Every structure is written in C-alpha cells, then in structure tokens.
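Please read the structure below before turning to the comments.
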C-alpha cells in the first residue's frame, strides 16, 4: 500500500497494491497493522457505513463533535465521487483549509480523515456506492455540519450548483465562521 500525506496534517491518501490477471484483480483494502504503521496512527475502526447515491447527490459537510468525534477511512466501491475533507481543528496550521480527492472504483484510492475534520462528497458518476470505516460510534446528538458552498472554504465541487441534489438538512447548515469563529 502506498500512503501520501495531504497538505492537511494527519489526512492521508492511500493506494492499495492491486494484483490482476485474466481472472480479475485482488487487493487488500484494509489491514489495521499496516495502516497504523504507514500512517503513524493508532486508529481502531469500530463501525462500517455504506451509502448509495445518484449523480449530483452531495452529502456534507458533516462531523461528530466532542467525545463522539470520528476519524474515517473512505472509499468508493462503485462509481466516482469528489471527496472533501476540511480541517476544523482550532489551532491547526491548516485550520479552514481543505483537500478534494476523486475516489473511484477504477483508482481504488482511499482517504483517511482524522478526527476534527468536516467531511463531504458529491457523486460525479451516474450512481455511486460509498463505503467508510469510523473509529467511533455514531451519535445523533453529536452531529454538526457546515454549509457545503460556504464561500470562505473555496471548495470547487466540480458540478454546477444547479446539478447538485442537497438534502433539506444540509441546505440549512450554518457557515464555517458561525460554528468555528
């Protein structure tokens, strides 16, 4: 597995070693020992989640607060998404900055998003199945989020705004400054 740290400390892009032949391919998508060694973390995942969405569906930007904060390891099983992580760690040198990575069934890339980050994605293909591991259990009372199109974040979601499908809940999220000062 190849691991590349992004411009946001602790946020990594992972590329598995893929072995293919005339029958298809094989790769190890996750090995806790290898993952922790290559990232320098001691992450232990406790929950797996999966979503299915159509082109233009945007989910985010979301996080869990306090003791329920979650680190995530995300990937796409089918289709293509633009995945975005925003550093919301107050005091971090990259506070308020983001990374955007195209994840697809073809490139098999994964993004590790540490605790203290906001996360979201938009579906670029006709359909997408998105999978992620979390290192903490979900708690509805700890949900927080920021509006995906907050101009202060300067995120290029690739698709025109009118082509995006946003939930009512995500459409009314506050600005980054409102939540994080």
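In table form, for the structure just shown:
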| quantity | calculated |
| --- | --- |
| Cut-off 15 Å (backbone N to label point 7 Å along Cα→Cβ of residue 169), residues of region 129-156 | 138-148 |
| Under 16 Å from the residue 143 label point (7 Å along Cα→beta-carbon), backbone N, region 53-74 | 58-66, 68-70 |
| Cα centroid separation, region 153-172 to region 83-140 (Å) | 15 |
| Mean Cβ neighbour count within 10 Å, used as a protection proxy, ranking 153-159, 78-84 highest first | 78-84, 153-159 |
| Binned Cα-Cα distance frequencies in the chain - 10 Å width, integer % | 9, 38, 38, 13, 2, 0 |
| Relative contact order, percent, the chain [alpha-carbon distance under 8 Å, six or more residues apart] | 29 |
| Mean Cβ count within 10 Å, highest first, over the residues of peptides 60-67, 88-95 | 60-67, 88-95 |
| Residues of region 98-122 with amide N under 11 Å of the 7 Å Cα→Cβ point at residue 26 | none |
| Cα gyration tensor category, rounded, prolate or oblate, for region 51-147 with a/c compared to 1.5 | prolate |
| Length-normalised contact order for region 81-181 - Cα pairs under 8 Å, 6+ apart - percent | 28 |
| Counting DSSP beta bridges with both ends in the chain, the antiparallel % (nearest 5) | 95 |
| Computed helical MRE - 222 nm, the chain, DSSP H runs ≥ 4 contributing -39500 (n - 2.57), nearest 500 | -2000 deg cm²/dmol |
| Taking region 1-103 and dividing mean pair separation by its residue count, relative contact order in percent (alpha carbons under 8 Å, at least six apart) | 20 |
| Label-point gap, in nm, between residue 92 and residue 51 - each point 7 angstrom along Cα→Cβ | 1.9 |
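Throughout, read-outs are computed from the coordinates displayed, never taken from laboratory work. Source: prediction; values computed, not measured. As a convention, Cβ positions derive from the backbone with ideal geometry for all residues, glycine included, and neighbour counts pool all protein chains shown.
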